[in-house]
Amino acid sequence: MFLKRAILYSNYALILFLFCGLRIVSAQNQSNQSTERVFNQNKIDSLKTLLKNQNITDKERIKAYYNLSWYYIPINRDSTFHYAELRKSYYQDINYDFGLVTVLVDFGRLLGTYNDLDGGVKYFEEAYSYYDQLEEDVYFLIVCIELGEYFHMKSKYHLAIKYYLEGLESAKRQESKLYESYFSRYLSESYVKTEHYEAGLEYIKRSVQLFSEMPKLKNQYAFSRIILANVYFEMGSYALAKEHLHEAETYIKKANIDSPYIYPLLSIYSIYGQISYALGDNEKAIENFLKAQEYASEATEFNELRNFNLANVHNYLGDVYLEEDNTAYAINEFRSALNFGKELNSLEIMVSSYRGLYEGYLNRKEIDSVKFYLDKHKPVSDSFNHERANRKIDELTYINKLAIEKERHENEIGMADLTKKRQQLYFGVIALLLISGLIIISFFGYIQKNRALKTKIKNDNLSLEKENLSLTLDKKERELTASVLNLIERNEFISRLTDDLKSISFNDEQAFQIKEIIKSTTINDSKKLWTEFELRYTQNNTALFNKLNDLVPNLTTNDKRLVALIMLNFSTKEISSITYQSPHSIKIARYRLRKKLDLSKNENLIHFFNNL
């Protein structure tokens, strides 16, 4: 066992280096790649010579396999995996599970260097499964980070949060402040994506505090300050957001953090621009967005991340230019964003770009271009809305699954406690009844066992019926949410487009074309959709609305509609989009509903409805 540990930890420094610098390898320029190849080939020749030595120790052989697999990355993929497989075979031969975990992690990372993230995640998941028997260590933290990052990039934020939370708890148990800092920051980003801003704020504040105590990681401290600013921006606290952006920018320039850490300045000025745009200062917004583009041209080390942020900046600039009636500039920005969106295969970016392009050409009354980009926008928008609806269903399914598991766990604990108490009582009674004789003891024991068995059977049946009913209702509710949400979103889009087209004066030929477009995009009346939605949701939740009617008889149709959307876990922004009302109006409606229900500001509406 000592030899196994020695083999493993002899490469520990290299592991940490690769963990911190893995993503920089693929971003080196051609000159550096050429130098790296020459260096690696010399190392490879030296290691191969070492392997031919018959007196080589197991420790030296495993280390050579490890180094060869990484030196071959820019040279030959097959050789990279060949030497990784040799390490894996060695650990399998000696039945060393901990060594296998290290190889699986390396396989996942190696595939990551070749941009095969879907292939890499399978190895990380396999490594994760070994920790059912193994003691948690630094590799467990790395696996949780890799799995969390993968699901975050796939927009499966509920799964990302699951792995980040596990990693965070493990980091605390291992007393690793460094990993606790990283997990806190990653959790914040995922929670913000799901609009759980308070949770996101709590975790990013913790990350900032921890990184501030690590002077050697000044760049990570600056990153966390930027993310904290972004959380405040998403919450509408623009003054606090600007305050943290200014402090992060000052810190970066004072610390002389240069490339590849020029990237934070791109994020800083992108957020500055969004704040200015939100405050109506379009001139300042344009200035900040252009500054972000300037820094983006220097941040070459993080191409994918840089391009994603740069695409968003182009779309932001396009929106500002449209408001300023500078259509030509707007179209150029939206085209640039579209190119990045296609390269990144980002539906979110492409939807915004196509929308901006047809609005730009609509301003210029170029009907053919409007129709072209409208036709492009439709399938992309449908795919994006379908993906978003599926993501919402997955999130609701996961939340429901957690609730069921929690309830089941609580029931099991309750049954265990009850059984324990009954056993204590049982033995107490036995001790007492020994005085009266074995006959009474046997009879009483029989009664107790029979009663416990009946109670258990009854409770099991009730739990099974409750679970089956809950699953049936959940399935109906998810199907209802997905179908009606897609119909409503499409109706909103076509309605807005129709209004825009009708508001413009055209000649007879253009008017005929417009009518054809309107005719081709007409769908069912919005009121009919709402009636169907309310009817089906009310049928699925009869008990809830009956209790609400008993509690507050004067609830209006709009109140009940708001209750339905809140129970489906829609955010204020989503409710605003669906009901054609501003977010401010939705907040007022929530306030009035709380007042009718006699609830304080701090009481959660969903919790209240679930407890009725």
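Need a quick list: helices (runs of 4 or more DSSP H) entirely within segment 38-153 having at least 2 residues that are over 28 Å from the mean Cα position of the chain (by Cα) and free of Cβ contacts under 8 Å to residues at least 40 places away in the same chain.
Per the criteria, 58-71, 77-93, 97-113.
If you check every pair at least six apart or on different chains, which have Cβ atoms under 8 Å apart with a residue in segment 240-254 that is closer than 10 Å to A222 by Cα first and a residue that is open to solvent by 70 Å² or more (accessible area, probe 1.4 Å) second?
Y251/K218; I252/Y261
From the residues in segment 87-133 that are open to solvent by 40 Å² or more (accessible area, probe 1.4 Å) and small (G, A, S), which one is modelled with the lowest pLDDT?
S89
For Y191, are the conditions met, namely being closer than 20 Å to A160 by Cβ, open to solvent by 20 Å² or more (accessible area, probe 1.4 Å) and in contact with a Gly (Cβ under 7 Å, 6 or more places away or on another chain)?
Spelling it out, Y191 is indeed closer than 20 Å to A160 by Cβ, open to solvent by 20 Å² or more (accessible area, probe 1.4 Å) and in contact with a Gly (Cβ under 7 Å, 6 or more places away or on another chain).
Considering only segment 333-383, state which residues are small (G, A, S) and open to solvent by 20 Å² or more (accessible area, probe 1.4 Å).
At the first step, the residues of segment 333-383 found to be small (G, A, S) are 336-337, 341, 346, 352-353, 356, 360, 369, 381, 383.
Those that are small (G, A, S) and open to solvent by 20 Å² or more (accessible area, probe 1.4 Å): S336, S352, S369, S383.
Go through Y373, Y316, Y361, Y321 for me and flag whichever is more than 26 Å from N115 (Cβ to Cβ) and in contact with a Leu (Cβ under 6 Å, 6 or more places away or on another chain).
Y373
Does Y197 satisfy the condition of being aromatic (F, W, Y), more than 14 Å from I275 (Cα to Cα) and open to solvent by less than 70 Å² (accessible area, probe 1.4 Å)?
Details: aromatic (F, W, Y): yes; more than 14 Å from I275 (Cα to Cα): yes; open to solvent by less than 70 Å² (accessible area, probe 1.4 Å): yes.
Against the criterion (aromatic (F, W, Y), more than 14 Å from I275 (Cα to Cα) and open to solvent by less than 70 Å² (accessible area, probe 1.4 Å)), Y197 qualifies.
Scan (1) open to solvent by 20 Å² or more (accessible area, probe 1.4 Å); (2) within 19 Å of the chain's Cα centre (by Cα) for the single condition P215 breaks and write down its number.
Going through the list (1) open to solvent by 20 Å² or more (accessible area, probe 1.4 Å); (2) within 19 Å of the chain's Cα centre (by Cα), P215 breaks only (2).
Just one of (1) at pLDDT 80 or above; (2) farther than 19 Å from M235 by Cα; (3) surrounded by fewer than 16 Cβ atoms within 10 Å (Cβ to Cβ) trips up L535, so point out which.
All conditions pass for L535, except number (1).
Would you confirm, using the coordinates I've provided, whether I161 is part of a helix (DSSP H, G or I) and either in contact with a Ser or Thr (Cβ under 6 Å, 6 or more places away or on another chain) or open to solvent by 30 Å² or more (accessible area, probe 1.4 Å) (or both)?
Yes, satisfied.
Could you count how many residues in segment 544-559 are touching a Ser or Thr at 6+ places or on another chain (Cβ under 9 Å) and at pLDDT 85 or above?
1
Checking E136 against (1) open to solvent by 60 Å² or more (accessible area, probe 1.4 Å); (2) over 27 Å from S69 (Cα atoms), which test does it fail?
(2)
Name the one entry in E166, E146 that is farther than 25 Å from P215 by Cβ and open to solvent by 40 Å² or more (accessible area, probe 1.4 Å).
E166
With the condition kept exactly as written, say whether any residue in segment 142-165 is out of contact with any helix residue (DSSP H, G or I) (no Cβ under 9 Å at 6 or more places or on another chain), of a type outside the set (A, V, I, L, M) and farther than 22 Å from L347 by Cα.
Within segment 142-165, none of the residues are out of contact with any helix residue (DSSP H, G or I) (no Cβ under 9 Å at 6 or more places or on another chain), of a type outside the set (A, V, I, L, M) and farther than 22 Å from L347 by Cα.
For segment 27-39, indicate whether the set of residues that are modelled with pLDDT of 85 or more and open to solvent by 70 Å² or more (accessible area, probe 1.4 Å) is non-empty.
Within segment 27-39, not a single residue is modelled with pLDDT of 85 or more and open to solvent by 70 Å² or more (accessible area, probe 1.4 Å).
Cβ-Cβ distance below 8 Å, separation of 6 or more or different chains: which pairs start in segment 315-329 with a residue that is over 24 Å from S346 (Cβ atoms) and end on one that is polar (S, T, N, Q) and surrounded by fewer than 18 Cβ atoms within 10 Å (Cβ to Cβ)?
That search, which allows pairs on different chains as well, returns E324/N282; D325/N363; T327/N363.
Picking from K88, K63, which residue would you name as being of a type in the set (K, R) and under 27 Å from G148 (Cα atoms)?
After ruling out the rest, the residue left standing is K88.
Counting only residues that are surrounded by 19 or more Cβ atoms within 10 Å (Cβ to Cβ), at pLDDT 85 or above and among the hydrophobic types (A, V, I, L, M, F, W, C), how many does segment 218-263 have?
So the count comes out to 11.
Identify all residues within segment 553-612 that are aliphatic (A, V, I, L, M) and either in contact (Cβ under 8 Å) with a residue 60 or more places away in the chain or part of a loop (DSSP other than H, G, I, E, B) (or both); write none if there are none.
Passing the criteria: L555, L568, I578, L599, L612.
What is the one condition in (1) surrounded by 22 or more Cβ atoms within 10 Å (Cβ to Cβ); (2) touching a residue at least 60 places away in the same chain (Cβ under 8 Å); (3) of a type outside the set (S, T, Y) that E387 does not satisfy?
Only one criterion in (1) surrounded by 22 or more Cβ atoms within 10 Å (Cβ to Cβ); (2) touching a residue at least 60 places away in the same chain (Cβ under 8 Å); (3) of a type outside the set (S, T, Y) is unmet by E387, namely (1).
The values are calculated or read from the model by the stated rules, or taken from the named source; none is laboratory data. Since the structure is predicted, the reported quantities are computational estimates derived from the model, not experimental observations. Quick reminder, even Gly has a Cβ in these numbers, built from the backbone with ideal geometry, and neighbours come from all protein chains shown. Protein only, heavy atoms only, side chains kept; ligands, DNA and RNA dropped before computing areas. Shrake-Rupley method; radii C 1.70, N 1.55, O 1.52, S 1.80 Å.
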